[in-house]
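The values are calculated or read from the model by the stated rules, or taken from the named source; none is laboratory data. Every value quoted in this text rests on a predicted model; they were computed, and no experiment measured them. Here the Cβ positions follow ideal geometry from the backbone for every residue, glycine too, while neighbour counts run over all protein chains shown. Side chains are part of the model used for accessible areas, which takes the heavy atoms of the whole protein and leaves out ligands, DNA and RNA. Shrake-Rupley method; radii C 1.70, N 1.55, O 1.52, S 1.80 Å.
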Amino acid sequence: LAANWQRESEPVMCAYKKVSCEIQIWGMQSKVENFMHAYELDLFHKANRNTFCWIDEWHGLTMPELRRFESDVQKRINLITRVKQGKEQAA
């Protein structure tokens, strides 16, 4: 990255994720809520890390190209999920 890239980059994206978890079971509430928040935090960190690691695949794409890239990734993820669930054979 070039010097001062934070100030000079256009466009800049900022994403906020709100996660709420409420368990109303006496004696388990704080343990389950803490587990869920730790799990979500780990999931978000992995997603952000992967987004940065894949930057060469998506940086510089036009919006239609980016939408097509997102669609292709979504199809691959759905296929992987179906294979793991035993609903489809791997190609």
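For segment 23-44, what are the residues that are surrounded by 12 or more Cβ atoms within 10 Å (Cβ to Cβ) and either part of a helix (DSSP H, G or I) or touching a residue at least 40 places away in the same chain (Cβ under 8 Å) (or both)?
If we filter segment 23-44 for residues that are surrounded by 12 or more Cβ atoms within 10 Å (Cβ to Cβ), which is where we start, we get 23, 29, 32-33, 35-37, 39-41, 43-44.
Gln29, Val32, Glu33, Phe35, Met36, His37, Tyr39, Glu40, Leu41, Leu43, Phe44 - these are the residues of segment 23-44 that are surrounded by 12 or more Cβ atoms within 10 Å (Cβ to Cβ) and either part of a helix (DSSP H, G or I) or touching a residue at least 40 places away in the same chain (Cβ under 8 Å) (or both).
Within 16 Å of the chain's Cα centre (by Cα), surrounded by fewer than 10 Cβ atoms within 10 Å (Cβ to Cβ), at pLDDT below 90 and not polar (S, T, N, Q): which single residue out of Lys87, Lys18 fits that description?
On the way: Lys87 fails: within 16 Å of the chain's Cα centre (by Cα).
Checking each option against the conditions leaves just Lys18.
Do we have any residue at all in segment 57-67 that's touching a Leu at 6+ places or on another chain (Cβ under 7 Å) and assigned to a helix (DSSP H, G or I)? Show your work before the answer.
Residues of segment 57-67 touching a Leu at 6+ places or on another chain (Cβ under 7 Å): 58.
From what's left, assigned to a helix (DSSP H, G or I): 58.
So far as segment 57-67 goes, yes, one or more of its residues are touching a Leu at 6+ places or on another chain (Cβ under 7 Å) and assigned to a helix (DSSP H, G or I).
For segment 31-54, name all the residues that are touching a Cys at 6+ places or on another chain (Cβ under 6 Å) and closer than 16 Å to Met13 by Cβ. Break it down stepwise before answering.
Here is the first cut: in segment 31-54, the residues touching a Cys at 6+ places or on another chain (Cβ under 6 Å) are 33, 36.
Passing the criteria: none in range.
Might you check whether a residue that is of a type in the set (Lys, Arg), open to solvent by 70 Å² or more (accessible area, probe 1.4 Å) and in contact with a helix residue (DSSP H, G or I) (Cβ under 8 Å, 6 or more places away or on another chain) occurs anywhere in segment 45-65? Lay out the reasoning, then the answer.
We begin by selecting, within segment 45-65, every residue of a type in the set (Lys, Arg); these are 46, 49.
Pick out the ones that are also open to solvent by 70 Å² or more (accessible area, probe 1.4 Å) and you get 46, 49.
Subsequent filtering for residues that are in contact with a helix residue (DSSP H, G or I) (Cβ under 8 Å, 6 or more places away or on another chain) retains none.
No, because not a single residue in segment 45-65 is of a type in the set (Lys, Arg), open to solvent by 70 Å² or more (accessible area, probe 1.4 Å) and in contact with a helix residue (DSSP H, G or I) (Cβ under 8 Å, 6 or more places away or on another chain).
Please work out which one of (1) over 15 Å from the mean Cα position of the chain (by Cα); (2) of a type in the set (Asp, Glu); (3) at pLDDT 85 or above is the condition Glu8 fails and give its number.
The single condition Glu8 does not satisfy is (3).
What residue, of Ser71, Ser20, is polar (S, T, N, Q) and part of a helix (DSSP H, G or I)?
Ser71
Within segment 66-80, work out how many residues are polar (S, T, N, Q) and either modelled with pLDDT under 90 or open to solvent by 100 Å² or more (accessible area, probe 1.4 Å) (or both). First the steps, then the outcome.
Going through segment 66-80, the residues polar (S, T, N, Q) turn out to be 71, 74, 78.
In the following step, the residues that additionally are either modelled with pLDDT under 90 or open to solvent by 100 Å² or more (accessible area, probe 1.4 Å) (or both) were identified as 74.
Counting residues in segment 66-80 that are polar (S, T, N, Q) and either modelled with pLDDT under 90 or open to solvent by 100 Å² or more (accessible area, probe 1.4 Å) (or both) gives 1.
I'm checking my understanding of the structure. Among residues of segment 21-36 that are within 29 Å of Cys53 (Cβ to Cβ) and modelled with pLDDT of 85 or more, which one is farthest from the chain's Cα centre (by Cα)?
First, the residues of segment 21-36 that are within 29 Å of Cys53 (Cβ to Cβ): 21, 34-36.
Add one more test, that the residue is modelled with pLDDT of 85 or more, and what stays is 34-36.
Values: Asn34: 20, Phe35: 19, Met36: 16 Å.
For segment 21-36, the residue satisfying everything is Asn34.
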